[in-house]
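The values are calculated or read from the model by the stated rules, or taken from the named source; none is laboratory data. Treat the numbers as computed from the prediction; the structure is a model and nothing was measured. Note that each Cβ is placed from the backbone with ideal geometry, even for glycine, and that neighbours are counted across all protein chains shown.
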Amino acid sequence: MQERLRKTRIALAAALGFFAVGCDSAAWKRFAFESFFFDPGTLENPRPIEARMAELAIPGVSIAVIYDGEIHWESAYGVKKLGTSDPVTPQTRFQAGSISKFVTAVAAFRLAEQGVIDLEADIEPSLVSWSIPSNPFTGLAPVTGRRILTHTAGFSVDGFIGYQPTQPVPTLLQVLTATPPAFNDPIVVAQLPGSGFRYSGGGFTVLQQWLIDVTGKPFPELLAEQVLSRAGMTRSGFDQPLAASLEAEAANAHVLPGLPTPYIGNVYPELAAAGLWTTASDLSRLALSLQRARAGAEGEVLSPASAREMLTPAFDGTFGATGPGVFFDAASSPRWFCHSGGNVGFTADLIVSLDGKYGVAVLVNDFFAGRPFIGEIVRNVSLIYQWEGWDPDAPGC
C-alpha cells in the first residue's frame, strides 16, 4: 500500500501543483479540495465539487476538516432542499444517523465517571420502565452497558427507518415492545451476551431506556448536559421531531435522486441509535475533545482515563475493530477511529486519527448517492492532507 500511496501523492502533486498539496494554508488546502474532484479511484477528469455534486444529484453537503488538533477549515456546498436556492452553510443541521451512537457512548462514559452507572454491571436490575424479555440467553450471561456499547450484548434489530411526521410516532416503550404504531421487530437478546459482535440499534434503544430510568431525565436533556454543552456543540440536539423554530436551519431529507421529501426528515424516537441533529463542525469539536483527553488533557468532555478506554478496541480486539460507540481501522494498534451514519434521506461520516492530527466530518442530505460521494470526499481530504496510515481508496468508515 505504501508504494501505491507514494505514487498517488506524486501524481496528485503534479495535478494540483506542489504548493497546493504541500502548503499548510487552510485556504490553499480548501481550494485544492473543492477544485479537483477526480473520477473515482483515479486522478483523471478533475472538476469542481459542485460539478461532481450535479453529476450525482447531491443536494447539499457540510464538511469540517481536522488538522493538527483543530478545525482547519469548514465549508458547505449546495442547497438544503433541491428546487430552492436556500444554501447549506457550516451552521446547517443534518441528521447524523448512527453517529448518534458515538455521542451516546460519550454520555455513558461520562455518567460512569460520576458513578451514576456501572458499565460492567447487569443493567436489568436498574431498568424501571421495561424489562429485557427473558430467554435462554439472558439466563446465561448479563447484559451490561459496555456490551451494548460494543455491540456484543446480543440484541436484535440492527437499525430503524423512523416515521414520517404525518404518521403516529411510537413512544420509546412501544418501540422496545414492538407495539403499534411501532413497526420494528421486538428487541430481544438474540445471542449469548459477550459471545460475539452483532450490530444493534435495538441495543442502543435499550441503553436509552436504561439511562433515562437511572437518571430520571429526558434523553435530550441528559445528552445536552453530559456531552453537547461540555463539547461546545451549540447547534446539536436529540429532540425528535426537530423543533419547528429550527427547521429553517436544517437540511431537508432526499430519499430518491433529485427528489426531496415533503417534510424536513423522518422522526426517530430511537434517540440513542439515530436521533441526533448536528453540524460537521460540532462533531469535529467532540472528536477533538476526546483526542485531547486521550493525550492527557484535563477539563475535556471525558477524563483522560475514560477517553483512552473508549478509544480502545473492545476486549483487545477479540471482537474485531470495534470499541464502545466507535469503530477502528485495525483491532491491533489502531490509528483511526470512526463512525458512519445513514438515516432516511441523510448520510454521514466521522473519521479521525487517534493522535489528533487528521480528521474529517461529512454530512450529506441524500441517501443513495450520499455514501459513495462521502467516500470521494474522504479520499480527496486524505490525499491533500497526506493522511499517515490511511488508504485513500478505503470506502470510508
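Mind counting the residues in segment 90-145 that are crowded, with 24+ Cβ neighbours inside 10 Å and assigned to a helix (DSSP H, G or I)?
Total meeting the criteria: 12.
Before we move on, is Phe37 surrounded by 17 or more Cβ atoms within 10 Å (Cβ to Cβ) and modelled with pLDDT under 95? Break it down stepwise before answering.
Values: surrounded by 17 or more Cβ atoms within 10 Å (Cβ to Cβ): yes; modelled with pLDDT under 95: yes.
Considered against the rule, which asks whether it is surrounded by 17 or more Cβ atoms within 10 Å (Cβ to Cβ) and modelled with pLDDT under 95, Phe37 comes out as yes.
Can you find even one residue in segment 237-258 that is modelled with pLDDT under 95 and part of a loop (DSSP other than H, G, I, E, B)?
Within segment 237-258, one or more residues are modelled with pLDDT under 95 and part of a loop (DSSP other than H, G, I, E, B).
Which residues, counting only those in segment 292-303, are part of a loop (DSSP other than H, G, I, E, B), closer than 17 Å to Val326 by Cβ and of a type in the set (A, V, I, L, M)?
Once the filter is applied, which keeps residues that are part of a loop (DSSP other than H, G, I, E, B), closer than 17 Å to Val326 by Cβ and of a type in the set (A, V, I, L, M), segment 292-303 yields Ala295, Val301, Leu302.
Would it be correct to say that Phe197 is surrounded by fewer than 22 Cβ atoms within 10 Å (Cβ to Cβ), under 20 Å from the mean Cα position of the chain (by Cα) and of a type in the set (A, V, I, L, M, F, W, C)?
Working: surrounded by fewer than 22 Cβ atoms within 10 Å (Cβ to Cβ): yes; under 20 Å from the mean Cα position of the chain (by Cα): yes; of a type in the set (A, V, I, L, M, F, W, C): yes.
So Phe197 passes the test.
Regarding segment 119-131, can at least one residue be identified that is under 30 Å from Arg235 (Cβ atoms), of a type outside the set (S, T, N, Q) and touching a helix residue (DSSP H, G or I) at 6+ places or on another chain (Cβ under 8 Å)?
In the first step, residues of segment 119-131 are kept if they are under 30 Å from Arg235 (Cβ atoms); the result is 119.
Going one step further and asking which of them are of a type outside the set (S, T, N, Q), we end up with 119.
Applying the additional criterion that residues be touching a helix residue (DSSP H, G or I) at 6+ places or on another chain (Cβ under 8 Å) yields 119.
Checked against the condition, which is being under 30 Å from Arg235 (Cβ atoms), of a type outside the set (S, T, N, Q) and touching a helix residue (DSSP H, G or I) at 6+ places or on another chain (Cβ under 8 Å), segment 119-131 yields at least one hit.
Starting from segment 75-103, take each residue that is acidic (Asp, Glu) and list its partners that are buried (at least 24 other Cβ atoms within 10 Å of the Cβ) and assigned to a loop (DSSP other than H, G, I, E, B), counting only C-beta distances under 6 angstrom and pairs at least six apart or across chains.
Close Cβ pairs (under 6 Å, with a partner that is buried (at least 24 other Cβ atoms within 10 Å of the Cβ) and assigned to a loop (DSSP other than H, G, I, E, B)) amount to Asp86/Lys80.
From the list Ser289, Ser284, which residue is within 25 Å of Leu119 (Cα to Cα), within 19 Å of the chain's Cα centre (by Cα), hydroxyl-bearing (Ser, Thr, Tyr) and not in a strand (DSSP E or B)?
Ser289
Going by the structure shown, is Ala361 surrounded by fewer than 19 Cβ atoms within 10 Å (Cβ to Cβ) and either small (Gly, Ala, Ser) or closer than 30 Å to Gln164 by Cα (or both)? Show your work before the answer.
Details: surrounded by fewer than 19 Cβ atoms within 10 Å (Cβ to Cβ): no; either small (Gly, Ala, Ser) or closer than 30 Å to Gln164 by Cα (or both): yes.
It is false that Ala361 is surrounded by fewer than 19 Cβ atoms within 10 Å (Cβ to Cβ) and either small (Gly, Ala, Ser) or closer than 30 Å to Gln164 by Cα (or both).
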